[in-house]
Amino acid sequence: MTTPMIPGLSALAGRFDALILDLWGVIHDGVEAYAGARAALQAIRAAGKRTLLLSNAPRRSDALVAQLAGMGIGRELYDFVLSSGEAVHLEMKDRSDPFYAGLGRRLYHLGPERDRNVYEGLDYRPVAIGEADFILNTGPCDLSETVEDYLPLLRQGIGRNLPMVCANPDHVVIRQGKRVVCAGALAARYAELGGTLSMRGKPDPAIYRQVQAILAVPQQRILAVGDALHTDIRGALGAGIAGIFVTQGIHAEELGIRPGETPSPDRLEAVIAQHGDRPLAALATLSW
């Protein structure tokens with residue numbers, strides 16, 4: 001079986017009524033929108049397709065709307081936006097899930113100040129890790145930090161048997177060509193050390209149930225577009241949703257390409273086989 005490279009989403013347009021679009025790696029590189037992303041969103045809207053931007057970002061959805069606007073991607077270009085940070089905020093607010101219902105009210109925020117809105121406005125109090133009931137992990141505080149930099153803190157959490165809430169399942173992202181460690185990598189190491197944790201975001205099935213409820217479209221009429229095989233594509237397939245693999249993002253180095261270039265068919269197949277999540281098709285960059 002081979003994965004076809006398509007020139008644009010219009011090649012499959014008749015099969016779908018709604019699109020789930022990843023942000024980092026598909027629409028922007030963490031700093032700037034990709035060339036052609038705005039035009040693609042305009043074309044998708046003109047074709048009458050519903051759109052939901054789904055991001056493993058450890059902050060609330062309103063922050064993403066503001067970030068996109070600063071990149072020239074206005075609110076008129078998409079219908080809905082949902083972040084993993086928003087999903088965690090709602091879980092911490094509602095406490096209907098047994099894991100979240102069992103959390104105390106004192107949290108240690110492992111992450112930068114810009115992600116405080118995940119818990120602000122809720123009945124929780126940020127404290128030092130020695131006083132915390134649980135860890136809220138939104139990722140390293142500095143873009144240059146590694147998992148190893150946080151091992152003493154993670155071991156302290158393990159020693160106190162603190163559960164961890166991870167607001168971003170991604171392990172790494174590519175920011176203007178450089179790999180940046182994310183909250184998911186810290187969470188994975190915490191689990192390896194014996195810690196208990198909960199994550200919300202791709203590929204967790206729970207977030208796709210939220211997405212389908214928002215879009216109000218049958219799952220077989222939804223197409224997910226993302227650059228990460230282990231989150232975007234795996235999550236979509238697990239929810240019964242077809243996925244398109246954008247090659248310019250997190251797997252570009254494995255594919256031997258620069259952003260926007262087309263990988264060789266053999267290299268594309270090798271990378272897909274290695275990760276074990278087969279998309280419906282692949283796309284060099286977001287285009288209609």
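The values are calculated or read from the model by the stated rules, or taken from the named source; none is laboratory data. Everything quoted here is computed from the prediction, not taken from an experiment. Because the Cβ atoms are built from the backbone with ideal geometry, glycine has one as well, and the counts that use them run over all protein chains shown.
Odds and ends about this structure:
- Checked against (1) touching an Asp or Glu at 6+ places or on another chain (Cβ under 9 Å); (2) surrounded by 16 or more Cβ atoms within 10 Å (Cβ to Cβ); (3) under 30 Å from F99 (Cβ atoms), V246 meets all criteria but (3).
- Per the conditions (1) in contact with a helix residue (DSSP H, G or I) (Cβ under 9 Å, 6 or more places away or on another chain); (2) at pLDDT below 95; (3) not assigned by TED's automatic domain parsing to the domain that holds L268, the sole criterion not satisfied by H230 is (3).
- Restricting the range 123-176 to residues that are touching a residue at least 60 places away in the same chain (Cβ under 8 Å) and in a loop (DSSP other than H, G, I, E, B), the residue that is farthest from the chain's Cα centre (by Cα) is P163.
- Applying the set (1) over 23 Å from G30 (Cα atoms); (2) without any contact (Cβ under 8 Å) to a residue 24 or more places away in the chain; (3) under 20 Å from the mean Cα position of the chain (by Cα) to R179 leaves exactly one unmet item: (1).
- Residue in the range 14-34 that is nearest to V211 (Cα to Cα), counting only those that are of a type in the set (A, V, I, L, M) and in contact (Cβ under 8 Å) with a residue 60 or more places away in the chain: I20
- Residues that are in contact (Cβ under 8 Å) with a residue 12 or more places away in the chain and among the hydrophobic types (A, V, I, L, M, F, W, C), drawn from the range 182-208: C182, A183, A185, L186, A187, A188, L193, L197, M199, A206, I207
- First in the range 238-252 and in contact (Cβ under 8 Å) with a residue 60 or more places away in the chain, second anywhere and acidic (D, E), Cβ under 7 Å, 6 or more apart: V246/D227; Q248/D227; G249/D227; I250/D227
- Condition broken by G256, with the remaining ones in (1) farther than 14 Å from S55 by Cα; (2) touching a residue at least 24 places away in the same chain (Cβ under 8 Å) satisfied: (2)
- Any hit, the range 3-13, residues being modelled with pLDDT of 95 or more, in contact with a helix residue (DSSP H, G or I) (Cβ under 8 Å, 6 or more places away or on another chain) and over 15 Å from A281 (Cβ atoms): no
- Unique match (being assigned to a helix (DSSP H, G or I), surrounded by 15 or more Cβ atoms within 10 Å (Cβ to Cβ) and either at pLDDT below 95 or of a type in the set (A, V, I, L, M) (or both)) among A66, A57, A39, A43: A43
- Yes/no for G177 being at positive phi, at pLDDT below 95 and not assigned by TED's automatic domain parsing to the domain that holds I44: yes
- A183 vs. criteria among the hydrophobic types (A, V, I, L, M, F, W, C), surrounded by 17 or more Cβ atoms within 10 Å (Cβ to Cβ) and in contact with a Cys (Cβ under 6 Å, 6 or more places away or on another chain): yes
- Selection status of I244, more than 22 Å from P58 (Cβ to Cβ), at pLDDT 95 or above, aliphatic (A, V, I, L, M) and touching a Gly at 6+ places or on another chain (Cβ under 9 Å): yes
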